[in-house]
Amino acid sequence: MTPDASSKKEKLFGLVVVSFGLLCVLQAAVNISLHLALYSSSAKTPDFEVIIQNLTEEGEDLKRKLSFFANNSQLGWVYFSHSLYYFSSTVKSWQESREDCQQRGADLMIINSKEEQDFGSQFKRNTWIGLTDSETEGIWKWVDGTALGTSYWRTGEPNHANSAEDCGEIKVNVTENNWTDESCKKQIHWICEKVGPP
């Protein structure tokens, strides 16, 4: 072998070694990049078993809610804004009305908004609501114990006429459908409210 040929072989061998080394480094970089890409994407990709379990639970919850509303609507309840309402067809005192609601798994209506006030007023009858100051005169509370905030009293009400008006009603007439205080013994219709399932 000539010195020229031997030198060319050594250069070629050196080039092959360097190229192989560069390929190894490149392969290691690609492996690391792929590993990081797969790891980060798997962290972002949700577990399908968890998704299926969540959908199954949501489906069961929806079935339970639909069953609740379907069963109650067959018993004369009306759905409005996340609650069910029962409008009585007979008349009773405020306490008897409340007891009737409680036997139905509810309580007298608590009015939290103008929309709910309008909804209760469309019954077109004087109706008991869950409002009373029987504990402390002049301190009106709802049946759940919360203090009265926004109110829809008729002008001049509450007036505690004859010192015996401790219960709230929606008083319906042509010009106003607002509240009055009345004797709790008065016999009128009532509205029960049952909050739907969470």
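The values are calculated or read from the model by the stated rules, or taken from the named source; none is laboratory data. These figures come from a predicted structure and were not determined experimentally. Neighbour counts run over all protein chains shown; Cβ positions are idealised from the backbone, glycine included. SASA here: full protein model, heavy atoms, side chains in, ligands and nucleic acids out. Shrake-Rupley method; radii C 1.70, N 1.55, O 1.52, S 1.80 Å.
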Q.
So Asp100 ticks every box in (1) in contact with a Lys or Arg (Cβ under 7 Å, 6 or more places away or on another chain); (2) charged (D, E, K, R); (3) open to solvent by 40 Å² or more (accessible area, probe 1.4 Å) but one. Which box is left unticked?
A. (3)
Q: Scan Glu135, Glu176 and give me the residue that is free of Cβ contacts under 8 Å to residues at least 12 places away in the same chain and not basic (Lys, Arg).
A: Glu135
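Results for (1) closer than 30 Å to Glu60 by Cα; (2) at pLDDT 90 or above; (3) in contact with a strand residue (DSSP E or B) (Cβ under 6 Å, 6 or more places away or on another chain); (4) not in a loop (DSSP other than H, G, I, E, B), shown as yes or no for each residue.
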{"position": "Ser97", "(1), (2), (3), (4)": "no, yes, yes, yes"}
{"position": "Gln117", "(1), (2), (3), (4)": "no, yes, no, yes"}
{"position": "Lys124", "(1), (2), (3), (4)": "no, no, yes, no"}
{"position": "Gly145", "(1), (2), (3), (4)": "no, yes, no, no"}
{"position": "Lys185", "(1), (2), (3), (4)": "no, yes, no, no"}
{"position": "Pro198", "(1), (2), (3), (4)": "yes, no, no, no"}
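Considering every residue within the range 170-179, establish whether at least one is part of a loop (DSSP other than H, G, I, E, B), at pLDDT 90 or above and open to solvent by 30 Å² or more (accessible area, probe 1.4 Å).
Checked the range 170-179: no residue is part of a loop (DSSP other than H, G, I, E, B), at pLDDT 90 or above and open to solvent by 30 Å² or more (accessible area, probe 1.4 Å).
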(Q) Given the options Thr127, Thr90, name the one that is within 21 Å of Gln187 (Cα to Cα), loosely packed, with under 13 Cβ neighbours inside 10 Å and over 24 Å from the mean Cα position of the chain (by Cα). (A) Thr90
Q: Can you tell me which residue within the range 130-169, out of those that are within 18 Å of Glu96 (Cβ to Cβ) and of a type in the set (A, V, I, L, M), is surrounded by the fewest Cβ atoms within 10 Å (Cβ to Cβ)?
A: Ala164
Q: Considering every residue within the range 99-109, establish whether at least one is part of a loop (DSSP other than H, G, I, E, B) and touching a helix residue (DSSP H, G or I) at 6+ places or on another chain (Cβ under 8 Å).
A: yes
**Q.** Where a residue in the range 98-115 is farther than 15 Å from Leu131 by Cα and its partner, wherever it lies, is open to solvent by less than 80 Å² (accessible area, probe 1.4 Å), with Cβ under 7 Å and at least six apart
**A.** Asp100/Lys92; Arg104/Tyr86; Arg104/Cys192; Gly105/Lys194; Glu115/Ser81
